[in-house]
Amino acid sequence: AAAQSLGMKIIEIQSGVFSRYSLQFSWPGSPKIEYIPDEIWTWGDYWTSGIERAAGQSVRVIGSTEEFESIRERHIPKIAGQVVVLSQPLIGLDILKAAIDFATARPDLNVIFKLHPRNEIEEFAGYLAAQSAPANLSLMQFEKSSLEVIAESEISVGVFSTALIEAAGLGAKVAIIKLPGWEHLAPLIDGGYAKAFDNAADLVAGIQTLKNP
């Protein structure tokens, strides 16, 4: 607001999910707000579609990130039976619990739990050790990027991670577990690019219904 009062243009560059639940971008009725960015620079039309932005705020599509494009252009072959579960801050252990239940029920699959950069591996490794986790479940921190492991996996599982939308763009089957915050990705589900499941048991029962996006 101080910068705008001096006549400066303010630009928000996308770094994660935009949705109608993102308070800084969702203004029902589109009122004029004096203290939000004048422009949003986004990776594509999909990300801001259906959001009631404040009056006077414009959107400029600047294209996907160089990292995403470089991964897509590599055409990384899928590894049969590999499933990546994407962690997130705040609900990471809840997602790990679901991953343990899923991997236990499907010992024929290779389940990789990909930590978020803000997750501490010691916390998750300690939890796994205390649970006697199944042998087909492994933790991954920085060995590969999220996009690399998504590109090589048949199925990507998560809650509301930006990476799940990128997974659909990379041709992965996408499963969303209905843990807190999943509503941010409701448009991905409604558009037919992902399928939602109540819990790990529901995913186990319905995994064959997942479709290529």
How many residues does segment 96-105 hold that are free of Cβ contacts under 8 Å to residues at least 60 places away in the same chain and of a type in the set (Gly, Ala, Ser)?
1
Please note which strands (runs of 3 or more DSSP E) are completely contained in segment 1-85 and include at least 1 residues that are more than 17 Å from residue 170 (Cα to Cα) and free of Cβ contacts under 8 Å to residues at least 24 places away in the same chain.
58-61
Among 120, 148, which is the only one that is out of contact with any helix residue (DSSP H, G or I) (no Cβ under 7 Å at 6 or more places or on another chain) and not aliphatic (A, V, I, L, M)?
120
In segment 86-103, anything surrounded by 15 or more Cβ atoms within 10 Å (Cβ to Cβ), of a type outside the set (A, V, I, L, M, F, W, C) and not in a helix (DSSP H, G or I) is listed as 87, 88
Selection within segment 153-176 - of a type in the set (S, T, N, Q), farther than 17 Å from residue 79 by Cβ and buried (at least 24 other Cβ atoms within 10 Å of the Cβ)
161
Looking at segment 1-32, which of the residues that are under 20 Å from residue 163 (Cβ atoms) and hydroxyl-bearing (Ser, Thr, Tyr) is surrounded by the most Cβ atoms within 10 Å (Cβ to Cβ)?
19
Could you tell me whether residue 212 is more than 22 Å from residue 65 (Cβ to Cβ), at pLDDT 95 or above, open to solvent by 30 Å² or more (accessible area, probe 1.4 Å) and of a type in the set (S, T, N, Q)?
no
Among the residues of segment 116-139 satisfying the criterion of being closer than 15 Å to residue 89 by Cα and not charged (D, E, K, R), which is most open to solvent (accessible area, probe 1.4 Å)?
117
By my count, helices (runs of 4 or more DSSP H) wholly in segment 106-213 with at least 1 residues that are closer than 16 Å to residue 82 by Cα, in contact (Cβ under 8 Å) with a residue 40 or more places away in the chain and of a type in the set (A, V, I, L, M) are 146-152, 162-169, 200-206
What residue, of 35, 46, is of a type outside the set (D, E, K, R), under 26 Å from residue 166 (Cβ atoms) and at pLDDT below 90?
46
Just give me the residues in segment 183-208 being open to solvent by 60 Å² or more (accessible area, probe 1.4 Å), modelled with pLDDT of 95 or more and not charged (D, E, K, R), in sequence order.
199, 201, 205
May I ask you to say which residue of 45, 108 is open to solvent by 30 Å² or more (accessible area, probe 1.4 Å), under 25 Å from residue 183 (Cβ atoms) and either in contact with a Lys or Arg (Cβ under 7 Å, 6 or more places away or on another chain) or charged (D, E, K, R) (or both)?
45
Within segment 63-85, how many residues are open to solvent by less than 20 Å² (accessible area, probe 1.4 Å) and either in contact with a strand residue (DSSP E or B) (Cβ under 9 Å, 6 or more places away or on another chain) or polar (S, T, N, Q) (or both)?
5
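The values are calculated or read from the model by the stated rules, or taken from the named source; none is laboratory data. Remember, predicted model here, so these are calculated numbers, not experimental data. So basically every Cβ, Gly included, is an ideal-geometry build from the backbone, and we count neighbours across all protein chains shown. Remember, those area values only see protein heavy atoms, side chains included, never the ligands or the DNA or RNA. Shrake-Rupley method; radii C 1.70, N 1.55, O 1.52, S 1.80 Å.
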